[in-house]
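Here, each number is a calculation from the coordinates, and none is a lab measurement. All values derive from a computational prediction rather than experimental measurement. Here Cβ is always computed from backbone atoms with ideal geometry, including for glycine, and neighbour counts include all displayed protein chains.
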Amino acid sequence: MFQVGRRTTAAVLTAGLVGAALTAVTPAHAQNLPSGEAMERRLIAAAETVKAAAVADPGFAEVRIDTGRQEVVVYRVAGAEPAATGRYRSVSVPTGGLPVRIAPALLTRAQSGELNARLDADWRALWQEGIEVQHYGPGMEGGPFQIGVKDAEKHRASLVARYGIFGAGTVSVAEGRVDMASRQNDSPPYWGGALIKPAGLTNPNIEGCSSGFGAYSYGNGKRYLITAYHCVNPNDTRFWDGGNDLMGRATAWNKDLDAAFLNVSSAPVMFDGAWNDPGYNKPVTGARAPVGGESLCTSGAYSGVRCGGIVQYRTTTTGFHPFTGELYQIRGWLVHRPDNQNLAGKGDSGGPVFHAFTYDVEAKGIISNIWEPHAPCTGRIVPGRICSSWVFIADITEIMAARQLDVTR
């Protein structure tokens, strides 16, 4: 099935390095990390602390990290509560002295939430009216609420009039299109980032999807392998690995997270390297929600590992199920690679999205779909395959909470 040597390495990792890597987030270990890596860990932890302080702030919009300036940035609507700025500056001491900068925002988190709720309720009716909304959610860095739609020029005025309830310039309507985004021959216990093949494939060039994170269920004590819901054939939920060996079935899924769960043997390890090189892997030792501004990597069976994606903003997108033709809503985060090179493409769906450290990775999400404009594909090149520097991901913490899972065990 796979090289014996690869699985021998896996046994060593599972029994030894994974256990050791569990201490990777302790201060003693962090002091020994390269300065850039240690700083990014500090910034992410500081952003979580600041976010907790934002609960009582009616003007709060979002928190992001700025790795270049090594600071945490709080975006909020000015005037909602001027005294709140002092609250955030006082947080800088518990965060280890990292600076906290206050920046202006057009909408508060509550206002963006209201717009999200309205579009959640209107979404299907809009499609029936011929307004094909592709995605929507809060803008990045305090900017306007974003609505992506086909034929934006045609529908912009009506959408702005309908949803610009908080004032001029608070809603932006732009052209949007979403395409539902394999290493080549894995074996049990299955790792993340490997080729998996659902029953009933119709595209002879795109063989399947990618495995996400292995997971343990606290609810029933079973092991699972996470992938994308749109990869599952509801009429035949079986999956095969890259060597055409039957893996098992998808036994559950959450459409709103574009996540499916294969009841198969798995391990908290993922492939890290080129699409055709099985020699690189890392243990999964943590899981945390994405933070605006942080740099993430993807690991797909077709593209391999692609890094440099910057978390943009939280949004809701329209998913298309290739087996059933169903349209459904997915909530998650948009990630973009600033140099406009490939971050993920078709065949990578379901694969891990993670924050890479020297010895291990922190799970952040799974690849759901890619947005236009497209980028030249890298990795495995086959006819009809498309790729993009814009990738929509589902949040791993929400996936774990939905099914009582732990991706580090």
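Using the Karplus curve 6.51 cos²θ - 1.76 cosθ + 1.60 with θ = phi - 60°, what ³J(HN,Hα) values do you get for each residue of the range 250-258, in whole Hz, with x for Gly and Pro?
7, 9, 7, 7, 10, 4, 5, 10, 6
Using modelled backbone amide H atoms (1.01 Å from N, in-plane), which distant-in-sequence or interchain residues come within less than 5 Å of residue 287's amide H?
Residues meeting the criterion, in which the H sits 1.01 Å from N, are 363.
Full extension from residue 153 to residue 70: what is 0.36 nm times the residue separation minus their Cα-Cα distance, to one decimal in nm? Intermediate values should be presented prior to the final figure.
On the way: separation 83, 0.36 × 83 = 29.88 nm, distance 3.92 nm.
26.0 nm is the gain from fully extending residue 153 to residue 70.
Which pairs in the list 255/282; 197/282; 154/346; 51/255; 51/282 are over 25 Å apart, alpha-carbon to alpha-carbon? Each step should come with its number before you reach the end.
Values: 255/282 29 Å; 197/282 23 Å; 154/346 29 Å; 51/255 27 Å; 51/282 29 Å.
Flagged as over cut-off: 255/282; 154/346; 51/255; 51/282.
When you count, for each residue, the other Cβ atoms within 10 Å and take the mean per peptide, how do 318-328, 298-308 rank with the highest first? Numbers along the way, then the final one.
Numbers: 318-328: 15.5, 298-308: 26.5.
Going by the mean number of other Cβ atoms within 10 Å, highest first, we get 298-308, 318-328.
Would you mind computing, in nm to one decimal, how far apart the modelled labels at residue 114 and residue 324 are, each placed 7 Å from Cα along Cα→Cβ?
According to this spin-label approximation, the distance is 3.4 nm.
Name the residues whose placed amide hydrogens come within less than 5 Å of the amide hydrogen of residue 395, ignoring near sequence neighbours (fewer than 5 apart) on the same chain.
Residues meeting the amide H criterion: 333.
Out of residues 5 or more away from residue 139 or on other chains, whose amide H comes under 5 Å of its own, with H placed 1.01 Å from N in the peptide plane?
Those lying under 5 Å, H to H, from residue 139 are 145, 146.
Going by average Cβ density within 10 Å per residue, which order do the peptides 244-250, 384-390 take, highest to lowest? Spell out each step's value before the answer.
Values: 244-250: 16.6, 384-390: 20.0.
Final packing ranking: 384-390, 244-250.
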